[in-house]
1. Bin width 5 Å, alpha-carbon pairs only: give the P(r) of the stretch 133-173 as whole percents, running from 0 to the bin holding the largest distance.
2. May I ask which residue of 119, 191, 103 lies farthest towards the positive end of the charge dipole of the stretch 70-229, with charges of +1 (Lys, Arg) and -1 (Asp, Glu) on Cβ and the Cα centre as origin?
3. Hey, what's the Cα Rg ratio for the stretch 141-240 versus the globular rule of thumb, 2.2 N^0.38 Å?
4. Apply 1/(1 + (r/R0)^6) to the Cβ-Cβ distance of residue 160 and residue 79, taking R0 = 25 Å, and write down the FRET efficiency to the nearest 0.05.
5. Give the Debye-formula value of log10 I(q)/I(0) at each listed q (0.11 Å⁻¹), with one equal scatterer per alpha carbon of the stretch 60-219, two decimals each.
6. Given a Förster distance of 56 angstrom, what is the FRET efficiency for residue 68 paired with residue 40, based on the Cβ-Cβ distance and rounded to 0.05?
7. Using only the alpha-carbon atoms of the stretch 228-292 as identical scatterers, what base-10 log of I(q)/I(0) does the Debye formula give at q = 0.13, 0.25, 0.29 Å⁻¹?
8. What is the packing order of peptides 276-283, 129-136, 144-151, 184-191, taking the mean over residues of other C-beta atoms within 10 Å and listing the highest first?
Amino acid sequence: MAAKRPCTVTATVVLTLFLWTHLSVQAPVNGSKWSYLGAEGEKMWAKKYPFCGGLFQSPIDFHDDILQYDSTLLPIELEGYNVSSFEQFILTNNGHSVKMSLSPTMNVRSLPNRYSAAQLHLHWGNRNKQEGSEHTIGGRHFAAELHIVHYNSDQYLDMNSAADKSDGLAVLAILIEIGQFNPSYEKIFSHFQNVKYKDQETSISAFNVQELLPDRLDEYYRYEGSLTTPPCYPSVLWTVFRKPVQVSQEQLLALETALYCTQQNDPAPLEMVNNFRRVQEFERMVLVSFRQDPVRSGLSIGFVLSVVVASSLGAVAVLALAFWLIRRKKSSKRTKEDKGVIYKPAISKEEENTSKA
């Protein structure tokens, strides 16, 4: 594993130089607009936000060619995630997603530094195409994706001061698929009607945020990337969990239909849908904390079964051919033995006496 460390150091040095160079470019003012489609859509981001057209951009697709197992990756350790219900989280519609503030007493400990929670938010598709995750696995989109954003509290005072630093942020990403009703996600989803329009916010009772994560915190993808929204700072240490969580079809539909990008009095309300960035090109290795198996590494169950069946049929065919050759060899041997014997008809005693007379 020691061979991997120089690559990580080199990437960090390159990233630091890249940040230092680009931060000399005047960033857009806070009032600058951006969206996922249209004149201010993703294709135009780099004109206002140079980092969006730069290096180490996210999200990416996790495919076999870039994955490398790393036995030193430890299970994710969370601290303070079980927040007392006497505390409050603030849920906000920011015009791009629904965002929930988090307590800075929530920490991730199993990283190079201590990272404290700042907020979480979601990305999703639309009711007709429920493929709204940002990261993909083997080209497959999931229904939605949750990001829990943390900042490096060992080095920086808050998220704003950490956001543009090469070691500033760490994001836990949870892929979401359609399945069983999820009571933990409902603690957020049930308040959508109170934040229906841009800039609306509401208070909700705090809860155990770890319930939003999958059961297996020891299986994940790890890489250095960026924010997936402008200004796209390449400052994020990504942890994308391998196992998705489930929400019901009804819950997903609420996420896809309840919110608007526009304010309440806007004469042309715009639904908040398809708020995910397209997959970015990525030419570096992604470390994984788990060993790949054939099905997980991109081979479908059907393909694996077909290989097993074909192998079994092949073995049967070989045995049948061997049995046929053995029988043929025995039959040929008997034929040769039969050709060396002269059969004479039986002669009765009377015929024998007559013959002698």
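Taken together, the values in this text are just the output of simple stated rules run on the coordinates, not laboratory data. Predicted model only: the values in this text are computed from it and were never measured. Ideal geometry is used to build each Cβ from the backbone, glycine not excepted, and the neighbour counts take in all protein chains shown.
1. Here the calculated profile for the stretch 133-173 is 6, 23, 21, 14, 13, 13, 8, 2.
2. About the Cα centre, the residue reaching furthest to the positive side is 191.
3. In units of the 2.2 N^0.38 Å rule of thumb, it is 1.21.
4. According to the calculation, E is roughly 0.65.
5. Normalising to I(0) and taking log10 leaves -0.48.
6. For R0 = 56 Å, the calculated efficiency reads 0.90.
7. Log10 of I(q)/I(0), two decimals: -0.67, -1.19, -1.27.
8. 144-151, 129-136, 184-191, 276-283
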